[in-house]
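Note sheet for the following structure.
The values are calculated or read from the model by the stated rules, or taken from the named source; none is laboratory data. It should be emphasised that the depicted structure is a prediction, and the values quoted were computed from it without experimental measurement. Note that we place each Cβ from the backbone using ideal geometry, even for glycine, and neighbour counts take in every protein chain shown.
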Ligand code: URA
């Protein structure tokens with residue numbers, strides 16, 4: 001087989017065979033297909049798309065380019081959730097231990113933040129000592145003892161995606177629905193899951209802001225998961241305002257701990273309970289969504305979910321005292337108020353700017369190798385849709401001695417509009433239950 005003939009097939013609008021896709025991906029991982037040849041194929045997929053059958057085969061070939069995880073020793077159903085991310089999305093952190101507390105194991109392989117969004121792994125690393133680079137043996141040990149493990153993609157897990165995602169990022173070829181869907185699903189399905197819940201965001205802070213594009217991504221991902229025998233549900237949820245109040249790594253851990261103690265912001269709790277309940281239902285641990293909600297709510301309110309999280313923190317090398325004493329989390333040297341300039345109703349005209357505002361303080365990275373400061377960030381004191389008066393506190397800026405403060409304020413001014421009342425979007429716009 002030859003890279004040029006595979007590229008030509010796609011270039012001319014043809015359908016790739018299973019043998020062509022497997023050969024291409026395997027040869028790419030071995031270094032026998034060059035980056036420029038892979039970039040040419042990706043560009044052709046970007047413009048020509050893929051049929052549903054082609055996409056399932058492509059995803060399976062990506063998944064089989066490396067090792068697959070299996071946790072058969074647990075004798076338990078395994079479920080995970082994936083969010084397309086956004087501003088203040090910390091749902092995975094309380095969700096995973098709450099689901100484990102209800103009897104479903106959660107082998108969660110997550111990513112890091114890039115650009116305007118934060119990543120679950122970076123947030124967890126705000127806990128002093130917490131290690132996310134776990135070997136396969138460590139993943140098995142942690143999940144065996146606690147029902148949850150929070151890990152990073154290893155060298156062996158879906159190497160085809162690691163190479164292709166970097167290539168797409170470097171060549172402006174990320175925003176293609178088949179490429180995104182196969183990238184996300186190959187990583188999630190390598191966890192050996194029984195069930196998967198997808199949280200696809202829409203709104204100005206989302207990876208795909210337009211409602212229709214997000215809905216299409218959800219449907220495509222569901223098609224792949226189901227044809228691979230994994231029960232799956234997708235939710236389409238709002239990212240036109242921050243989720244919860246905190247944006248920033250240690251601040252989001254503190255807010256997750258409030259949720260794990262039965263409190264915290266209502267929107268955060270709603271998504272944790274809803275998505276956790278659906279994971280239980282898909283795994284047969286809840287008779288209905290209502291039953292799942294009841295179980296999830298009880299796990300949070302009784303402190304059982306919090307105890308699971310405490311165990312996970314200790315197992316992954318973190319300081320478990322943080323769970324009951326969030327003052328042990330890293331703290332910024334200064335907290336400044338950011339106030340409303342005029343009176344009216346608060347709305348976010350461009351939520352991405354809130355992510356960039358936190359990044360300007362040192363709490364984000366433009367390149368994957370950049371260091372982040374876990375202590376900095378924002379805490380919103382007013383919600384979208386509320387009336388505010390000139391001079392009122394809108395959010396607190398947690399910064400290190402003024403570093404990035406002016407840029408942060410400028411970004412916040414670009415993010416926010418105060419004026420006529422605009423009704424925020426419903427938190428959950430649609431769902432596609434499995
Ligand atoms: N996240 C992924 O893992 N892959 C993509 O292609 C886009 C977002």
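Quick notes
- Filter pass, residue 244 being part of a loop (DSSP other than H, G, I, E, B) and over 17 Å from the mean Cα position of the chain (by Cα): no
- The sole residue among 139, 164 that is in a helix (DSSP H, G or I), at pLDDT 95 or above and within 11 Å of the ligand (Cβ to nearest atom) is 164.
- Any hit, segment 83-97, residues being in the same structural domain as residue 267 (by TED's automatic domain parsing), away from the ligand (no atom under 14 Å from the Cβ), assigned to a loop (DSSP other than H, G, I, E, B) and surrounded by fewer than 20 Cβ atoms within 10 Å (Cβ to Cβ): no
- Number of the exception - residue 258 against (1) crowded, with 20+ Cβ neighbours inside 10 Å; (2) without any contact (Cβ under 8 Å) to a residue 60 or more places away in the chain; (3) within 17 Å of residue 326 (Cβ to Cβ): (1)
- Against the list (1) surrounded by 24 or more Cβ atoms within 10 Å (Cβ to Cβ); (2) away from the ligand (no atom under 14 Å from the Cβ); (3) within 18 Å of the chain's Cα centre (by Cα), the condition residue 122 fails is (1).
- Residue identified as out of contact with any strand residue (DSSP E or B) (no Cβ under 9 Å at 6 or more places or on another chain), in a loop (DSSP other than H, G, I, E, B) and surrounded by fewer than 24 Cβ atoms within 10 Å (Cβ to Cβ) among 208, 179, 173: 173
- Scanning segment 40-81 for residues that are surrounded by fewer than 23 Cβ atoms within 10 Å (Cβ to Cβ) and not in a helix (DSSP H, G or I) gives 49, 51, 64, 66, 67, 68, 69, 70, 71, 75, 76, 77.
- Residue, surrounded by the fewest Cβ atoms within 10 Å (Cβ to Cβ), within segment 183-193, restricted to residues that are more than 8 Å from the ligand (Cβ to nearest atom) and within 21 Å of residue 30 (Cα to Cα): 190
- For segment 218-238, filtered to residues that are within 14 Å of the ligand (Cβ to nearest atom) and surrounded by 23 or more Cβ atoms within 10 Å (Cβ to Cβ), the residue that is nearest to residue 271 (Cα to Cα) is 218.
- Options 231, 238, 225, 215: the member that is within 26 Å of residue 304 (Cβ to Cβ) and modelled with pLDDT of 95 or more: 231
- Within segment 167-177, the set of residues being in contact with a helix residue (DSSP H, G or I) (Cβ under 8 Å, 6 or more places away or on another chain) and within 12 Å of the ligand (Cβ to nearest atom) comprises 167, 168, 173, 174, 176, 177.
- Residues of segment 276-293 satisfying the condition of being buried (at least 23 other Cβ atoms within 10 Å of the Cβ) and under 19 Å from residue 303 (Cα atoms): 276, 277, 280, 292
- Strands (runs of 3 or more DSSP E) wholly inside segment 291-401 that include at least 2 residues being more than 21 Å from residue 253 (Cβ to Cβ) and touching a residue at least 60 places away in the same chain (Cβ under 8 Å): 334-339, 344-348
- As a summary of the residue check, residue 109 satisfies the conditions (1) at pLDDT 95 or above; (2) surrounded by 24 or more Cβ atoms within 10 Å (Cβ to Cβ); (3) outside any helix (DSSP H, G or I) except for the one numbered (1).
- Verdict on residue 157 being within 14 Å of the ligand (Cβ to nearest atom) and over 28 Å from residue 356 (Cα atoms): yes
- Annotation note: of 144, 129, 214, the sole residue that is surrounded by fewer than 23 Cβ atoms within 10 Å (Cβ to Cβ) and either assigned to a loop (DSSP other than H, G, I, E, B) or within 13 Å of the ligand (Cβ to nearest atom) (or both) is 129.
- Annotation: residue 192 fulfils all but one of (1) over 18 Å from the mean Cα position of the chain (by Cα); (2) part of a helix (DSSP H, G or I); the unmet one is (2).
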